[in-house]
1. Would a scan of region 272-288 turn up a residue that is in contact (Cβ under 8 Å) with a residue 60 or more places away in the chain and assigned to a helix (DSSP H, G or I)?
2. So if I check each of LEU279, LEU316, which one is modelled with pLDDT under 95 and touching a Cys at 6+ places or on another chain (Cβ under 6 Å)?
3. How many residues does region 256-284 hold that are under 22 Å from ALA168 (Cα atoms) and either among the hydroxyl-bearing types (Ser, Thr, Tyr) or open to solvent by 50 Å² or more (accessible area, probe 1.4 Å) (or both)?
4. Testing PRO232 on (1) at pLDDT 95 or above; (2) in contact with a helix residue (DSSP H, G or I) (Cβ under 6 Å, 6 or more places away or on another chain), one condition comes back false. Which one is that?
5. Does region 72-86 include one or more residues that are open to solvent by less than 20 Å² (accessible area, probe 1.4 Å), touching a strand residue (DSSP E or B) at 6+ places or on another chain (Cβ under 9 Å) and of a type in the set (Gly, Ala, Ser)?
6. So, VAL103, is that one over 13 Å from the mean Cα position of the chain (by Cα) and part of a helix (DSSP H, G or I) or not?
7. Is it true that HIS389 is open to solvent by 80 Å² or more (accessible area, probe 1.4 Å), in contact (Cβ under 8 Å) with a residue 24 or more places away in the chain and under 57 Å from the mean Cα position of the chain (by Cα)?
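The values are calculated or read from the model by the stated rules, or taken from the named source; none is laboratory data. The structure presented is a predicted model; accordingly, all values stated were derived computationally and were not measured. Here the Cβ is made from the backbone with ideal geometry for all residues, glycine too, and neighbour counts use every protein chain on show. These area figures cover heavy atoms from the full protein model, side chains too; ligands, DNA and RNA do not enter into them. Shrake-Rupley method; radii C 1.70, N 1.55, O 1.52, S 1.80 Å.
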Amino acid sequence: MSVLVVGLSYRTAPITLLERAALDTGACRDLESSLCRGDHVAEAVVLSTCNRLEVYAEVSRFHGGVAEIGAGLAAATGVDLTDLTDHLYVHYDEAAVAHVFTVTCGLDSMALGEQQILGQVRQSHREATESGASGRVLGGLLRRALKVGKRAHAETGLDRAGHSLVEAGLEQATDVLGPLTGVHALVVGAGAMSGLAVASLARAGVARLTIVNRTAERAARLAETSGGTAAPLSDLPQLLAGADLVMSCTGAVGHVVDLPVARAASTRRDGRVQVYVDLALPRDIDPGVDDLPEVTVIDLERLGRHLAEAAVGADLAQVRELVAAEVREYLSAVRAAAVSPTVVALRAMAGKVVDAELARLEGRLGEVDERVCAEIRQTVHRVVEKLLHTPTVRVKELASEPNGSMYADALGQLFGLVPAQAAAVTGIGSDGLRGEELTTAGQIAEARGGTV
């Protein structure tokens with residue numbers, strides 16, 4: 001069995017496609033269950049954020065796994081497979097592990113080094129585990145990834161390399177509005193991103209802060225933490241006219257602020273500048289709102305360009321070295337664990353031979369002093385242990401190297417071990433592909449022998 005990643009992100013797909021492909025929590029869990037019922041996927045975890053949609057899977061075959069995941073993504077998102085193909089990337093085994101660690105650290109995020117991805121990976125892992133879609137392989141991988149992410153933030157300067165999406169949005173808004181101390185801010189939504197927005201706005205010292213949410217209780221709880229006020233979603237059209245800065249992240253299907261509502265609000269503002277920061281995917285703010293006079297919309301696409309410029313020159317060598325070392329250590333441990341069945345089978349076979357020969361010897365000798373028999377048994381066991389010590393220790397050492405499983409295979413062949421006992425349960429590259437990273441539609445299609 002091998003680890004496979006198939007997905008698309010802001011690096012490979014336009015925001016419009018990511019918007020069409022966005023999945024909510026329920027849809028992610030449904031996709032995991034559907035994939036695990038296939039012929040080639042044993043475990044699956046789906047990660048859906050404003051930056052990406054990815055499937056992490058344990059698969060029996062590379063080609064079959066890619067085909068099933070590609071079809072599953074198309075079915076779950078409603079986006080035709082041909083539209084997805086040009087934007088999908090595939091990482092396999094070593095490259096898959098490196099990608100998962102990199103994503104969890106925030107190195108592949110639009111907001112470089114942001115910590116929110118840690119919580120998103122943790123939530124996806126927990127929910128997939130509870131549903132039974134994630135098991136020993138993906139569970140171990142994601143637990144290790146979360147530890148790597150924590151290390152990256154605690155032991156390196158990663159947190160200084162970039163900003164969160166909220167901070168980047170506020171920087172862009174400040175460029176338009178000037179200092180935020182006299183601003184009336186309106187936050188739409190009451191989830192994790194909205195909570196971060198409320199906290200950031202409060203620290204910025206905005207003059208007024210209002211939180212609007214479909215569930216009034218959640219808006220009220222968030223307002224209490226910041227000294228703001230809560231309002232029902234039905235009041236949004238009226239509140240927009242008084243808001244200089246609107247930050248929205250609801251995850252709702254369809255636009256929360258459409259063009260007619262925004263136009264009406266802008267008209268009532270008598271030419272005063274207004275900024276919308278749209279952190280949602282799918283987008284909360286109709287893109288056409290950006291064309292209104294004195295109105296600026298800062299969406300994920302615009303933030304992505306801003307953050308890419310800000311990340312240029314960031315010193316991330318220490319973080320990348322940490323991730324590379326963690327990947328090597330993880331893969332070495334996996335390979336070493338993979339030879340354990342061979343070692344167990346070898347020792348079991350030796351034990352049976354020793355027991356059989358001792359029983360035959362005792363039968364031929366007849367009555368022998370028990371102390372003599374005990375000494376003979378101990379001597380024979382010591383001899384066998386010494387003979388087995390070097391090959392078993394050496395095969396574990398060699399297993400940590402690339403292609404290390406070949407040594408376990410050779411040991412099994414030499415001693416005639418039962419294949420089922422000596423099989424590597426977590427083999428790397430079990431179908432001949434080792435650490436492949438396929439990033440174009442042509443490469444993916446070629447690997448599958450068709451189209452994704």
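1. Of region 272-288, the ones in contact (Cβ under 8 Å) with a residue 60 or more places away in the chain are 273, 275, 277, 279-284.
Subset that is assigned to a helix (DSSP H, G or I): none.
There is no residue in region 272-288 that is in contact (Cβ under 8 Å) with a residue 60 or more places away in the chain and assigned to a helix (DSSP H, G or I).
2. Numbers: LEU316 fails: touching a Cys at 6+ places or on another chain (Cβ under 6 Å).
On inspection, the qualifying residue turns out to be LEU279.
3. Looking only at that region, the number is 2.
4. Of everything listed in (1) at pLDDT 95 or above; (2) in contact with a helix residue (DSSP H, G or I) (Cβ under 6 Å, 6 or more places away or on another chain), PRO232 misses just condition (1).
5. yes
6. no
7. no
Yes/no per residue for (1) free of Cβ contacts under 8 Å to residues at least 60 places away in the same chain; (2) surrounded by fewer than 19 Cβ atoms within 10 Å (Cβ to Cβ); (3) under 19 Å from ARG272 (Cα atoms):
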{"residue": "SER200", "(1), (2), (3)": "yes, no, no"}
{"residue": "ALA220", "(1), (2), (3)": "yes, yes, no"}
{"residue": "GLY242", "(1), (2), (3)": "yes, yes, yes"}
{"residue": "MET247", "(1), (2), (3)": "no, no, yes"}
